Amino acid sequence: MKVTNEAIDFMKAALAEEETKSVRICTEAGCCGPTIGLHIAAPEATDDVKDYDGLMFAVAKDAEAMAENVTLDVESTEDGVSLVLRGLQQTC
């Protein structure tokens, strides 16, 4: 998984009040099969962990293949700024 500088800044601001300063990427059930989920959580022992400017991202083993060509980025809309997963294959 790739993470843009804008996404790192967004996540740092979002996690400023949190005790855990890490994001865990794992698979979760979607409407048509597994998809990627982002959670504020400590890494597990088998996760692939990377540090992005002081922010830890942990990718669960079962999500590695799905996250390989995905970029975590931010998107601005009239409703505000939110995180997006660019390149994520749709399951439906």
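What's the total number of residues in segment 1-49 that are touching a residue at least 40 places away in the same chain (Cβ under 8 Å), in a strand (DSSP E or B) and not β-branched (Val, Ile, Thr)? The qualifying residues number 5. Among the residues making up segment 11-34, those that are among the β-branched types (Val, Ile, Thr) and under 14 Å from LEU83 (Cβ atoms) are VAL23, ILE25.
Listed conditions (1) modelled with pLDDT of 90 or more; (2) surrounded by 15 or more Cβ atoms within 10 Å (Cβ to Cβ) are all met by ASP62, apart from (2).
Evaluating GLU28 against the criteria (1) of a type outside the set (Lys, Arg); (2) touching a Pro at 6+ places or on another chain (Cβ under 9 Å); (3) at pLDDT 90 or above leaves one unmet condition, (3).
Any residue that is more than 19 Å from GLN89 (Cα to Cα), surrounded by 14 or more Cβ atoms within 10 Å (Cβ to Cβ) and hydrophobic (A, V, I, L, M, F, W, C) - is there at least one of those in segment 21-35? Taking every residue of segment 21-35 in turn, at least one turns out to be more than 19 Å from GLN89 (Cα to Cα), surrounded by 14 or more Cβ atoms within 10 Å (Cβ to Cβ) and hydrophobic (A, V, I, L, M, F, W, C).
The values are calculated or read from the model by the stated rules, or taken from the named source; none is laboratory data. Given the structure is predicted, the values throughout are model-derived calculations rather than measurements. Note that each Cβ is placed from the backbone with ideal geometry, even for glycine, and that neighbours are counted across all protein chains shown.
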